[in-house]
Amino acid sequence: MVAEKIDGKEVALKVRTRIHEEVKKFQAVHKNFNPYLTIIQVGDRQDSSTYVRMKLKAAQEAGIECKIIKLPEEITEFELLTQIRHLNEDVNVDGILVQLPLPEHINEGKITSEVDANKDVDGLGPANVGELYKKGGNARFLPCTPKGVMTLLSEYNVQVSGSNAVVLGRSDIVGKPMSQLLNQANATVTSLHSRSSPEQLQFYLSKADIVVSAIGKSEFIKGDWIKEGAVVIDVGTNFISDSSRASGSRLVGDCDFKSVSEKASLLTPVPGGVGPMTVASLLDNVIIAAKANFE
Ligand code: GUN
């Protein structure tokens with residue numbers, strides 16, 4: 001089998017176009033509806049700067065005002081918390097996103113918990129996380145990457161209900177909410193992670209109809225671990241050195257693309273798969289926040 005490539009750029013463009021249309025329609029009725037996202041970036045990580053720039057551009061194209069607050073690497077946790085509290089109180093700000101990862105000396109959980117639940121467009125604060133895990137819960141904001149993966153599965157008519165799904169990775173931002181969303185969609189979900197043994201990885205992967213990988217290991221998953229016809233979603237964004245490139249590095253996923261594409265039925269490329277969907281889901285969350293804050 002040769003896998004069909006899932007075109008995340010195309011689906012993301014569709015979502016972003018729908019959002020822009022929605023913004024224009026809403027503004028036609030409510031002249032002072034101005035969705036506004038603030039992104040906080042601490043430090044100067046090159047990957048974070050790239051992601052933040054992409055979010056800014058996509059937001060502006062969709063009619064969302066976006067401001068980036070760049071803070072120095074040495075900022076204290078208290079100063080960062082104070083900055084977030086100011087934004088929580090600013091009535092013009094609809095959405096607040098703190099770009100992760102944060103420097104080692106700052107407790108990420110403490111920071112993401114400080115964002116006002118009504119502005120928590122990353123869906124990482126306690127209210128949104130709690131709602132996601134409750135029976136009949138009603139999370140206003142779902143974390144952007146898992147939300148984007150669910151949109152891709154739906155756009156490609158993947159049968160989630162009744163499937164065996166494997167999620168590799170158990171981070172707060174991708175692995176855990178991803179497992180929960182697949183579970184809510186009636187998949188039977190197995191969570192694998194860095195402490196799973198090679199035997200466990202291969203055993204569960206060989207039975208998985210859907211694989212979502214977010215373990216951050218370059219080209220780790222091989223085609224012969226995968227069930228014939230599986231749907232494979234690669235969330236990995238790993239930079240490996242490549243002297244043939246001017247930048248000296250190249251972005252690859254968690255999957256060995258060539259061998260996995262010979263076994264899977266559908267596969268996301270890296271780049272151009274999940275990444276654009278993370279951005280599109282963020283914009284969707286900003287509009288949800290802006291509409292709720294407007295009423
Ligand atoms: N770093 C990588 N992806 C994300 C994301 O979706 N949200 C935030 N806040 N930081 C990230």
**Report entry** Lone unmet requirement of (1) within 16 Å of the ligand (Cβ to nearest atom); (2) in a helix (DSSP H, G or I); (3) in contact (Cβ under 8 Å) with a residue 40 or more places away in the chain for S171
**Finding:** (2)
Query raised in the report: Across segment 205-226, what is the total count of residues that are crowded, with 19+ Cβ neighbours inside 10 Å and under 15 Å from S163 (Cβ atoms)?
Result: 7
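Determine if segment 228-250 includes at least one residue that is surrounded by fewer than 17 Cβ atoms within 10 Å (Cβ to Cβ), basic (K, R) and in a strand (DSSP E or B).
Residues of segment 228-250 surrounded by fewer than 17 Cβ atoms within 10 Å (Cβ to Cβ): 228-229, 239-250.
Okay, now just the ones that are also basic (K, R), so 245, 250.
Okay, now just the ones that are also in a strand (DSSP E or B), so 250.
Taking every residue of segment 228-250 in turn, at least one turns out to be surrounded by fewer than 17 Cβ atoms within 10 Å (Cβ to Cβ), basic (K, R) and in a strand (DSSP E or B).
A quick yes/no check of all residues on (1) at pLDDT 95 or above; (2) more than 13 Å from the ligand (Cβ to nearest atom); (3) of a type in the set (G, A, S); (4) more than 19 Å from the chain's Cα centre (by Cα):
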position: L13; (1), (2), (3), (4): yes, yes, no, no
position: H20; (1), (2), (3), (4): yes, yes, no, yes
position: N34; (1), (2), (3), (4): yes, yes, no, yes
position: G43; (1), (2), (3), (4): yes, no, yes, yes
position: S49; (1), (2), (3), (4): yes, no, yes, no
position: E74; (1), (2), (3), (4): yes, yes, no, yes
position: T82; (1), (2), (3), (4): yes, yes, no, yes
position: H86; (1), (2), (3), (4): yes, yes, no, yes
position: V93; (1), (2), (3), (4): yes, yes, no, yes
Query raised in the report: Got a number for residues in segment 27-50 being in contact with a Phe, Trp or Tyr (Cβ under 6 Å, 6 or more places away or on another chain) and closer than 13 Å to P72 by Cα?
Result: 0
Report summary line: Exactly one of V270, V260 is more than 13 Å from the ligand (Cβ to nearest atom), in a loop (DSSP other than H, G, I, E, B), among the β-branched types (V, I, T) and modelled with pLDDT of 95 or more, and that residue is V270
Query raised in the report: Is it the case that segment 175-189 has a residue that's under 20 Å from the mean Cα position of the chain (by Cα), more than 25 Å from S261 (Cβ to Cβ) and basic (K, R)?
Result: yes
Report task. Working carefully through the options V42, V23, V15, find the one that is surrounded by 14 or more Cβ atoms within 10 Å (Cβ to Cβ), in contact (Cβ under 8 Å) with a residue 24 or more places away in the chain and within 18 Å of G272 (Cα to Cα). Result -> V15
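The values are calculated or read from the model by the stated rules, or taken from the named source; none is laboratory data. These numbers were taken from a predicted model, which means no experiment stands behind them. Cβ sites come from the backbone with ideal geometry, for glycine too, and all protein chains shown count toward neighbours.
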